[in-house]
Structure formats: C-alpha cells, structure tokens
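Only one structure is covered here, and it is reproduced in the block below.
No lab work stands behind these numbers, since they all come straight from the coordinates. Fair warning: this is a prediction, and the values are worked out from it, not measured in the lab. In this analysis, Cβ positions are derived from the backbone assuming ideal geometry, glycine residues included, and neighbour counts consider all displayed protein chains.
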Amino acid sequence: MSVDKTGIALLPSSLDKLLPISVPCSCGRTHQVETRWAEIQKGALENLPDRIKELGSNLKVVLVVDARTMQIAGQRTSELLASASHKTEICQLPDKAGGRPHADEENLNLAFSVMENADLAVAVGSGTCNDIAKLSSFKRSIPYCVVATAPSMNGYTSSIAAIMKNGVKRTIECHGPLGVIADPEILAKAPTELIAAGLGDLESKPTATSDYRLAGLIRGDYYCPAPEKVVLEAEQKVADAAQSIGSGDPEGISLLTEALLLSGLSMKLAGSSSPASGGEHLISHFWDMTAPLEGRVEGWHGAQVGVTTIVTSTLYEFLRKLDPSSLDIESMVDSRPDLNDMRSTIGEVHGPLAEEVFVQFKQKHLDKAGYRKELEFIVNNFQSLWDKVDDILRPAHVVKSILKSANAPVDIHQLGLTPKHLETGLLHAREIRSRFTVLDLAAELGVLKPMADKIIHASGCLGSLS
C-alpha cells in the first residue's frame, strides 16, 4: 500500500480493495478493516451460504429481525441457511413506539440471551437490527454478518453501535461484520423515507469531516486524513445521482449503498465515528433522546441528519464571516461559566438525563486558562483554520438542493418537529457528547446563542412554519 510524502496512508476508495486491509500510517495508527466481503448485486442473498462456509458446518445461526424484515428477507435467509444444514433461530425484535423496534438495552438483552451457544449472528434489516445484532454478537464473542434491507444508514460496516443507554444515545465500540449482503432489488423496494434517510445521512459527510479536522487542529484530538478520503469520492457520485436515488432506480440505489458502506468503513479506519458524525448528528441524537420525555416517537435518523446538515452548513457560513479581531478575549474568559454553572444549565435542559449528559460534557469543558489559550489560538490562526476546511464544506443551499432532488426532508415541518426543537437542539445538543464539533466552536466564540435565531431562519429549515 502506498503512502504520500508525509507517510500518510493512501487508502483505496473501492470496497473490493478495502476488504480486508491493514495499513501502518505515519499518524501513529494502523488503519484496519476486518470485514472480508461485501456483495452489492442482484441475487446476492443466494450466495450467503457459500460466504459463511469458512466458519464451518452445522452452525447455530441466530437471525436478528423485526416483523417487516422477516418477511422481506428473513424467511428466505433462514431457508437458505437450513438448506446448507445450518440450524437457525429467530430473534424478532418487538415493535414499540412508532410501530417499530428501537436500539435499546431491552432489545440488546433479548438478542444476547437468544445468542447463547450460537456460532454466528445475522442481522436482517437496517439500523436497529444491525446495531442490536452487532453489539450482542460482540458481547457473545461470535461473528456476525448483515443482510441489508434498506440503504438507510452507514452503520452496516462500522465497528460501533448506537444504543439508547440510560436515556442517552451512546455509540459503543464493538466489532464490524464478517460481511454484508446488499441486493439492490431488495433495497430499492424499501420505503421511500428510508432511502431518503440514507441520502440524508451521507450528505452530512462534508460538515462531519470539517468537524473532524477542526477538532484535531483546535483541540488536538486524533486526526488523520486517510480515512476521510475513503468515502468522499463516492459521496460526490451520490450527490450527482440524488434524483435517480429518490426515484428508486436500482443503479442509483447501488451507488448510495456502496457510499454508505464506505462511510461505515471510514469510521472503522479512523477508530471512531468522527469522520462521519459531527454536530449535525448530535442534534439528531438529542431529538431522539428527548422524544420519550415528550411523548414523541423517534424520527428516522438519516432524515433528521439531512435537515440538521443544512443547519450546521449554515452555521459554518456564519462563522466564516466573523471578524476575529472583534472578539474581546479577556471579557469572554471573565464571563465564562464554570462547570458548576454548566451543571445547573444541563440540569434545566436535560432533566432526568442530566447526570448522564454531564459525564460527557465535562470531558471537553475547558477551565478559564485553557479557554483563553484556545481563543488566542483561534484568533491568531483564523484564516488558516478555514483554509483547512474550505475544500470540503458544501454551501447550505447546495445541500438542500441535493436532498430536495431526492424528495428527502429539508425542514423540521417534514420531520414532525417544531421551531423550538430546532432551537433547543442547536443550542444544547453539543452537551450530550464529549466530541468537539462546530457547535462547540460557535459556543466557544460566544456566538452560538446570539446568532441562533438568524442561523435557523437563514437555513430555511423552518419550512412552512417560518
């Protein structure tokens, strides 16, 4: 594998060359993917028995499904495995609020129990089925693979699972799949809102990658350019094909699916979700967390992320126009809330989830000396910081145009949310995770709250409610 002149690994951007891979890099890490195969083609499901031959014969296989995915592909998966002399057991996740299962500790415990003495787990579904199968199989120390039923999210190939734990959405490290089966004809029949959600999730990559870069520059968080490049070329192809994706064209669905799998691999290569999940994802997770408290049902993650990407893209545009010389650093440091003040604010906003949230937030909160140092760095390097992200950021109106061309949601009205949800998420979603994002940058510069209303209206994401 080649490297650039600084020793950074030049990773391939095609699935066949990435599966599997292990490449030492001058960033100090070895970029690795253990997933061995991914089939995106018509009839791919029929090849599953051959794909798992390496694991042995007469396997006990647990299929993690829901009521819909059992009908879509679960029954056929079970038949194929039985015909190859494997014993299958079905773990069907029960429907809950909204008429669908949720990735929570109750379902995790259910799958973990069913997987006792199993040799292999197979997730038949998309987000929830995948996260539950992935984490429970990891806890059982058995491999798992995926039969995808919707191109709705990028978690198929990642090594993290998003689980609601103690009321707070958490990403938990685990293993990636042995392989992924993705038949475009099955995926194209997914509900249109799930296809649109996949596009929304993918279109967050420019802002998420910018957050990833800035966290490295400003906070010294781990950053390597190698993983981010894996998905960017594919993401552009998807943006160009958004209209055909929205119409359910199998070729467009194949492009979207490949890009989503590459996005998941970029997280695996980076060792975190940072290249694919920034401030826009935090707002979506915040809405998910508050849904039960408000008697709402969680929305589709990718659909929410598409809308919040328009918002964070707008935020970036506002920050880009700031005059750093206008910042009164000493005044900002003097008026900075300390941790006790923030604990009180977090208590007021997050209610019964406050303690869980505070555990995360305090990890990135700077004392006054650290805050002064950070502000001085930002002011003294303002232009160079923007030079590092200008090549990747996409204007908010372009993001909206891409989403609209695929009939994906572009405002909170379409998500069933209110202006208050958008305002509260913009101001407080940053508190739920220790990760530094553009939301933190705006808050540290003292402009997040004063500019929130202007950002929201400029984004156009209030839709018919504006």
Inter-centroid distance (Cα atoms) of the range 389-464 relative to the range 144-182, Å: 25
Residues Thr6, Thr149 arranged by fewest to most Cβ contacts within 10 Å: Thr6, Thr149
Net charge within 10 Å of Glu203 by Cβ-Cβ distance, Lys/Arg positive one each and Asp/Glu negative one each, not counting Glu203 itself? 0
To make sure I understand, if each residue's beta carbon is the centre and we count other beta carbons within 10 Å, what order do Ile310, Ile40 fall in, fewest to most? Ile40, Ile310
Sorted by Cβ neighbour density within 10 Å, fewest at the top, the residues His285, His413, His350: His413, His350, His285
If you put +1 on each Lys and Arg Cβ and -1 on each Asp and Glu Cβ, how big is the dipole of the chain around its Cα centre, in Debye rounded to 20? 420
In whole percent, what relative contact order does the chain give with Cα contacts below 8 Å and a gap of six or more residues? 15
Would you mind checking the tilt of helix 396-405 against the longest principal axis of the Cα atoms of the chain, expressed as 0 to 90 degrees and rounded to 10? 30
Stretched out fully, how many nm does the piece from Lys165 to Lys139 gain, at 0.36 nm a residue minus the Cα gap? 7.8 nm
Stick to Cα atoms and the Kirkwood definition of Rh, then tell me Rg/Rh for the range 151-193. 1.07
Label Thr30 and Tyr371 with points 7 Å out from Cα along Cα→Cβ: what is the distance between them in nm? 4.3
Net charge near Met115, counting Lys/Arg +1 and Asp/Glu -1 over other residues with Cβ under 14 Å of its Cβ? +2
Label-zone membership for the range 116-147, site Glu105, 7 angstrom Cα→C-beta point, backbone N under 19 Å: 131-140
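Report relative contact order for the range 275-465 in percent, whole number only (criteria: Cα-Cα under 8 Å, sequence separation at least 6).
Numbers: 186 pairs, mean separation 69.1, N = 191.
Value for the range 275-465: 36 percent.
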So, R0 is 25 Å and r is the distance between the beta-carbons of Ser22 and Glu173; what FRET efficiency does that work out to, to 0.05? 0.90
Against the empirical 2.2 N^0.38 Å scaling, what ratio does the C-alpha Rg of the range 393-466 come to? 1.16
So if a site counts as exposed when it's one of the trypsin sites (Lys or Arg not before Pro), its DSSP state isn't H, G, I, E or B, and it has at most 13 other Cβ atoms within 10 Å, what's the longest stretch of the chain without one? 43-320
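Can you give the alpha-carbon Rg of the range 232-353 over 2.2 N^0.38 Å, where N counts its residues?
So the range 232-353 has a normalised radius of gyration of 1.42.
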Pair Lys42, Ser14: separation of 7 Å Cα→Cβ label points (nm): 2.2
